[in-house]
Amino acid sequence: MRVTGKIDEIRQWTAQARAEGKHIGLVPTMGALHVGHVALIEAARRRCEFVVVSLFVNPTQFGPGEDFENYPRPFEQDVAICERHGAAVVFAPSPSEMYPRENLTWVSVSGITEHLCGRSRPNHFRGVTTVCTKLFNIVGPDVAFFGHKDAQQAAVIRRMVADLNMPLEIVVCPTVRQGDGLAVSSRNQYLSERQREDATVIYLALQAGRQMVESGATDARQVRARIEAVMGRVPAMQIEYVSLVDPETLEDVERITGAVLIAVAARLGPARLIDNIMVDSGKR
Ligand code: AMP
């Protein structure tokens, strides 16, 4: 496995792999790799002969006062994980390699970026879509792999790729959870032991929502209230949103018909946690 932080170098390597007829898979990450990322690398390996994992804590997707500086960067451990799981290349650029001058050019998706996390994180998705466009232009992947854990991000990227005719396929992989249901996340490291235990209430709440929808509830407000009540069992949990939305437009749903995405965000001590599940009411 090869490691580089240089755009010129990764371009050469992917050009060569392409010339050899290999399919190129890209797994964009911010590092601090865990089993959720590993599932993406493995999915990429099943589809592509040449897998590039990018490790880049992208400054433009963090807002003021967010955790950009404190975000974990266990570089050597990340490289070892990529090697163990069969990546061909790790691309780990510095911020100045990716943004050598003031960035004046942005890719931004309207509408679906304004719901859910977009409300409290203005410019977050603009940072994500811009850095993903840059990574797609640098690496030239046939397929890029994202996690359903960040369902809004995946929907935004899909939409960007469709709207701008970007020549690659987006694959979204299921959320990897710990035994007690908590979605694995690099930010779980911020939690104390007590907070880690409390965090399990998020998945319990989502499951309570699922149960209601599957047993016929159609009033989104009632389902939301139930989810909030379960999360409210942990007084330290500050709910940012509990939303039932259309899985494509991400617009709030009032009456549940068909598939619905239930998404939540909450603050627990130093961590902002997000999670979601797709539920199908079976009603059309
Ligand atoms: P991050 O490093 O947190 O920016 O995540 C990089 C990619 O891994 C994104 O596409 C995430 O959606 C995905 N990811 C993060 N956590 C999980 C998880 N628990 N299960 C599946 N995918 C995940």
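The values are calculated or read from the model by the stated rules, or taken from the named source; none is laboratory data. Small disclaimer: the values here were computed from a predicted structure and weren't measured. Backbone-built Cβ (ideal geometry, glycine too); neighbour counts: all protein chains shown. Surface accessibility is based on the protein's heavy atoms, side chains included, excluding ligands, DNA and RNA. Shrake-Rupley method; radii C 1.70, N 1.55, O 1.52, S 1.80 Å.
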By the gyration tensor of its Cα atoms, with a ≥ b ≥ c the square roots of the eigenvalues, what is the shape of the stretch 1-71: rounded for a/c under 1.5, prolate for a/b over b/c, or oblate?
oblate
If each K or R counts +1 and each D or E counts -1, the residues other than VAL90 whose Cβ falls under 9 Å of its Cβ total -1
Largest-first ordering by accessible area, 1.4 Å probe, given options TRP106, TRP13
TRP106, TRP13
Find, among the GluC sites (Glu not before Pro) in the stretch 1-45, those assigned to loop by DSSP (not H, G, I, E, B) with at most 14 other beta-carbon atoms within 10 angstrom.
GLU20
For the ALA217, SER110 Cβ pair and Förster radius 35 Å, calculated FRET efficiency rounded to 0.05 is 0.65
Under 15 Å between alpha carbons, and skipping anything fewer than 8 positions from LYS6 in its own chain: which aspartates and glutamates qualify?
GLU97
Inter-centroid distance (Cα atoms) of the stretch 169-244 relative to the stretch 93-135, Å
26 Å
Restricting to DSSP loop positions (anything but H, G, I, E, B) with no more than 11 other Cβ atoms inside 10 Å of their own Cβ, which trypsin sites (Lys or Arg not before Pro) remain in the stretch 11-115?
ARG101
Could you work out how much longer the chain between GLU66 and ARG187 gets when fully extended? Use 0.36 nm per residue separation minus the Cα distance between them, nm to one decimal.
42.4 nm
Spin-label model distance (nm) - ALA236 vs GLN207, 7 Å beyond Cα toward Cβ
2.2 nm
If you average 1/r over every pair of different alpha-carbon atoms in the stretch 62-134 and take one over that average, what Kirkwood value in Å do you get?
14.7 Å
Rounded to the nearest percent, how much of the accessible area of the stretch 134-284 (1.4 Å probe, protein heavy atoms only) is carbon and sulfur?
46 percent
If you restrict to DSSP beta bridges whose two residues both lie in the chain, what percentage is antiparallel, to the nearest 5?
50 percent
Accessible area (Å², per residue) of the stretch 1-153, counting only protein heavy atoms and a probe of 1.4 Å:
46 Å²
So what's the Cα pair-distance distribution over the stretch 198-278, bin width 10 Å, in %?
20, 55, 23, 2
Calculate, in whole percent, how much of the Cα-Cα pair population of the chain lies beyond 35 Å.
18 percent
Would you mind calculating the gained length between GLU254 and THR200 on full extension (0.36 nm times residue separation, minus the Cα-Cα distance), in nm to one decimal?
16.8 nm
